[in-house]
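Bear in mind these aren't lab numbers, they're just calculated from the coordinates by the rules spelled out. These numbers were taken from a predicted model, which means no experiment stands behind them. Counting neighbours? That spans all protein chains shown, and the Cβs are built from the backbone with ideal geometry, glycine included.
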Amino acid sequence: MTPPAIEVENLRKVYSSAFGRRKITALERVDISVPQGEVFGLLGPNGAGKTTMVKILLDLTRPTEGTARILGVPVSRAVSRRRVGYLPEGHRFPGYLTARETLSIFGRMSGLDGAALRARIPLMLERVHLSPWAEVRVKKFSKGMTQRLGLAAAMIHDPLVLLLDEPTDGVDPVGRREIRDLLKAEAREGKAIFLNSHLLSEIELTCDRVAVLRKGYVAATGRIEDLTRREPRYRMVSDPMDERLVASFLETGAGVERSNGHLLLTVRDVEHLNALIDRARTTGVSLHEVTPVRSTLEDVFVDLIRTDDPGAEVGAS
């Protein structure tokens, strides 16, 4: 069997404060598995343990307990990072280098020779839409252009695993879509993408699955469509939309809210919804719209972060 691209089991990290007088738990019993070909998002408020997780995967810090592996290799072994590309948050490049020179340096540090660099550099500049600026010094780049160049540097050696911290930070809407498309294309080629971001709308559009960290615990993990699926709710637009119609719906046990010219209906199941539609039609109401309503990832995230029990299982993987 092909091993997961990233796998952590029962991961725990405890830091000691000055003189060891106080213990700070950054991660507690974390289990995460990311297969090859998946875009996985790690979410959480500041201090939740996201940065500690990435540091452990890069062997920049060691876990107190548990194991972490990349492509089946323990992260304590340097060989585990040979097929990993990393984009840190707030990265900087020497301003006197051009985009081409920057990628050449990163490529050589990643073990590429001259022939491989000559093939990869133009390809990566094209994929992040920086080809016209190949010979421009980095000090003239905007934040969004610097972010694109950082992504190209992380991918220059064609890694199987990408660890990306805020990959669309400072990028304009068109650029964010281009980066999303690029990451999804990499996933289709079998690469594993592991990203952190505070832009929940970007996570929702990019990732296949997510995990939400709260105070070091995994509060929820699963596919976005599963995490955002709550009780059946529907948006109904009708003419007329009067109190008689609302009262008729309430008689069936439906939840009914008025909101900006439409009704929000909470029903037991699809059969209950069809019964409401039948009631509306028998009273001569003209239905213009009946559409399902889903929670956003932001709704789910806020609910999870506010929950009292950080170790409670809220979602399913």
remark   = Candidate cut points under GluC sites (Glu not before Pro) in the range 65-174, DSSP loop plus at most 11 other Cβ atoms within 10 Å of their own Cβ, are Glu135
task = Go through the range 288-305 residue by residue and turn each phi into a ³J(HN,Hα) via Karplus (6.51, -1.76, 1.60, θ = phi - 60°); whole Hz please, and just put x for glycine and proline.
result = 9, 7, 9, 10, x, 10, 10, 5, 7, 4, 5, 4, 5, 4, 4, 4, 5, 5
task = Round to a whole angstrom and tell me the spacing of the C-alpha centers of the range 183-217 and the range 271-297.
result = 34
request  = Work out the charge dipole of the chain with +1 on the Cβ of Lys and Arg and -1 on the Cβ of Asp and Glu about the Cα centre, then indicate which of Ser197, His157, Ile179 is farthest towards its positive end.
outcome  = His157
Within-13-Å neighbourhood charge of Val54 [Cβ basis; K, R +1; D, E -1] = 0
task = Mind sorting Asp59, Asp181 by how few other Cβ atoms lie within 10 Å of their own Cβ, fewest first?
result = Asp181, Asp59
ask   = Counting Lys and Arg as +1 and Asp and Glu as -1, each charge on the Cβ, what is the dipole of the range 168-244 about the Cα centre in debye, to the nearest 20?
value = 360
task = Would you calculate, for the chain, the mean residue ellipticity at 222 nm contributed by helices, counting each DSSP H stretch of 4 or more residues as -39,500 (n - 2.57) and dividing by all residues, to the nearest 500?
result = -10000 deg cm²/dmol
ask   = Ranking Thr283, Thr168 by Cβ neighbours within 10 Å, fewest first, what do you get?
value = Thr283, Thr168
key: Karplus-derived 3J(HN,Hα), 6.51/-1.76/1.60, for each residue of the range 139-156, Hz, glycine and proline x   = 4, 8, 7, 6, 4, x, 5, 5, 5, 4, 5, x, 5, 4, 5, 5, 9, 4
ask   = Of Lys13/Lys143; Lys50/Lys143; Lys55/Lys140; Lys184/Lys215, which ones are farther than 27 Å apart at the Cα?
value = Lys13/Lys143; Lys55/Lys140; Lys184/Lys215
Rounded FRET efficiency, nearest 0.05, which uses the C-beta distance separating Ile24 from Arg177 and R0 of 35 Å = 0.35
key: Exposure proxy ranking, count of Cβ atoms within 10 Å, fewest first, for Arg62, Arg148   = Arg62, Arg148
inquiry  = Taking percent of Cα pairs over 34 Å apart straight from the coordinates, which label in (i) 38; (ii) 24; (iii) 35 is the correct one?
reply    = (i)
note = Residue by residue through the range 242-254, the couplings from Karplus 6.51 cos²θ - 1.76 cosθ + 1.60 with θ = phi - 60°, in Hz, x for Gly and Pro, are 9, 5, 5, 5, 4, 4, 5, 5, 5, 4, 8, x, 6
inquiry  = For the pair His198/Val73, report the inter-label distance in nm, with labels modelled 7 Å from Cα in the Cβ direction.
reply    = 3.4
task = Return the single residue from Arg77, Arg137, Arg22 with maximal mean-square fluctuation; model: Gaussian network over the chain, springs between Cα atoms under 10 Å.
result = Arg22
Computed magnitude of the charge dipole of the range 6-227 (debye, nearest 20; Cβ of K, R +1, Cβ of D, E -1) = 820
note = With label points set 7 Å from each Cα along the Cα-to-Cβ direction at Arg306 and Lys139, the distance between them in nm comes to 4.9
query = Against the longest alpha carbon principal axis of the chain, how many degrees, from 0 to 90 and to the nearest 10, is the axis of helix 99-109 turned?
reply = 70
ask   = What FRET efficiency comes out for the pair Thr296/Ala185, r = Cβ-Cβ distance, R0 = 35 Å, nearest 0.05?
value = 0.90
